[in-house]
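Below you'll find the structure, written out as structure tokens, and then a few comments.
The values are calculated or read from the model by the stated rules, or taken from the named source; none is laboratory data. Everything numeric in this text was worked out from a predicted model, so none of it was measured. Because the Cβ atoms are built from the backbone with ideal geometry, glycine has one as well, and the counts that use them run over all protein chains shown. Keep in mind that these areas ignore ligands, DNA and RNA; they rest on the heavy atoms of the full protein, side chains included. Shrake-Rupley method; radii C 1.70, N 1.55, O 1.52, S 1.80 Å.
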Amino acid sequence: MNDKKILALLDEFEPAEIAYRKLYLANPYDHIPPVRDWNHFVKEYQKIMKSPVEIPTEPISDISTYFYESQFFSPQTLVPHETPGAFEMVYPPVANSECMSFKHLRYLPVFDHALEFVKLTYVVRGNSLFNLNHKTYELPAGSLVVVGPNTVQSFFAPHDEDLVLNIIMRSSSFEKMFLPLLMESNELSDYFWQMMYEKDFSSILLFHCPHNREIHHLALQLYYESQINRNHSLLIINSYILLLFAQLIRNHIDDVQKLSGSGSQKATSNIFKYITEHKAEVTLAKTAEHFGLSIGYLSRYIKSRTGYTFSALVQKLRLKEAAYLLINSGLSVEEIVYRIGYTDLSNFYRVFKETYQMTPGEFRNLYS
């Protein structure tokens, strides 16, 4: 389906949007604090209500402080409409898929929430207000936000012309789905590696790409493919997402904004970056000395923040580097093993196969 027809479908108001719009136009709720659930919203709305309006007794849509993968990714599948080219619009879609896209409801009240999965939010048209750490960012059309799991944030689209798309992906299978992306060496791939290995990770990447028509096209087509859920849709959706990431890396990686969380996370990021940059010769003792910490404290800190021991984390990063070099260089396996700091070739082959379910040679043939 062409982009104009998809935009026309997105323009149509969902039943939930109609109900929220009625409440908003009667009594705008831009300035009420973020709500926790429907009852909380009703309570706050009644405080500012000046024009009488009927308030639904049941929730209009899901409002919660946390959303789990099981709520969006289930064995239930969507069946396309019998009429060729038509399909049932669903909010949100529930499909047997690893990733999907759906529209962010216009006039949905602000509610701070976190997710068990990865989310990309793309502003197709109009403006969206994005809230993070008690700070509000106005996102014009073309803005794209990458939100990692367990990050407390919220969006607000309070105009008829606002169109915002959410693209969500299982974090539990992110590495398997997007291995080519992770084998890149840039801030976006580093972000996702850190997201996978660091507990309580809460950084966000904000891209500004208002004139990138390819990203606009990919976002719309990804949404449509997610909604129709035809045969092989998952393969097509994954391909669209990889192309979208490639556009971000090629055209927008130099001016990406990283919106960070707490101070402790910043400290973890610095340690993670040091280990990444020195993974060939890094040791726990050298890292502790660099940051002025005791070996015991640093060991416990890394374990508590990432869930990995220092040696296990270094091994993960070395294997990532090996996989990247297998795809992007002509180095022999022996040269790669030496470069990443392994001293035992047979051990490297064993660990690599355990991680990627194939030998280094098979991996190179498959991805390069």
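For Y45, Y274, give me the order by solvent-accessible area with a 1.4 Å probe, most accessible first, ignoring ligands, DNA and RNA.
Most to least solvent-accessible, the answer reads Y274, Y45.
H290: net charge of surrounding residues, Cβ under 12 Å, Lys/Arg +1, Asp/Glu -1, itself excluded?
Net of charged neighbours comes to 0.
Using only Cα atoms, locate the centre of region 268-321 and the centre of region 92-171, then give the distance between them in Å, rounded to an integer.
Their Cα centres are 33 Å away from one another.
Over the Cα atoms of region 108-261, Rg to Rh with Kirkwood Rh, two decimal places?
With Rh from the inverse mean 1/r over Cα pairs, Rg/Rh is 0.93.
Could you put E225, E335 in order of accessible surface area, largest first, with the 1.4 Å probe and the full protein assembly present?
I get E335, E225, largest accessible area first.
Once amide H atoms are placed 1.01 Å from N in the peptide plane, what residues at a sequence separation of 5 or more from V164, or on another chain, have their amide H within under 5 Å of its amide H?
H104, V124
In the chain, with Lys and Arg counted as +1 and Asp and Glu as -1 at Cβ, which of these residues, I271, I167, G361, has the Cα nearest the positive end of the dipole, that is, farthest along it?
The residue sitting farthest along the positive end of the dipole is I271.
Kindly provide the helix-only [θ] at 222 nm of the chain, computed as the sum of -39,500 (n - 2.57) over DSSP H runs of four or more divided by all residues, to the nearest 500 deg cm²/dmol?
That comes out to -14000 deg cm²/dmol.
Along the charge dipole of region 120-217, Cβ charges K/R +1 and D/E -1, which of L144, S185, F201 sits furthest on the positive end?
Looking along the dipole axis, the top candidate is F201.
For I327 and E58 in one chain, what is 0.36 nm times their gap in residues minus the Cα-Cα distance, to one decimal in nm?
Contour length minus the Cα-Cα distance gives 91.5 nm.
Pull up all non-local amide H partners of C209: gap of 5 or more, or a different chain, and H-to-H distance under 5 Å with H placed in the peptide plane.
Residues meeting the amide H criterion: S143, L144.
For the chain, what percent of Cα pairs sit more than 31 Å apart?
42
Could you give the size of the charge dipole of region 95-223 about its Cα centre, using +1 on the Cβ of each K and R and -1 on the Cβ of each D and E, expressed in debye and rounded to the nearest 20?
240
Using the Cβ atoms and a cut-off under 14 Å, what net charge is assigned to the surroundings of L242, where Lys and Arg are +1 and Asp and Glu are -1?
Net local charge, L242 excluded: -3.
Near I63, within a Cβ-to-Cβ distance under 10 Å, what is the net charge of the other residues, with Lys and Arg +1 and Asp and Glu -1?
Spelling it out: positives minus negatives among the neighbours equals -1.
Give me the accessible area per residue for the chain, probe 1.4 Å, as a whole number in Å².
Using a 1.4 Å probe on heavy atoms only, each residue of the chain averages 48 Å².
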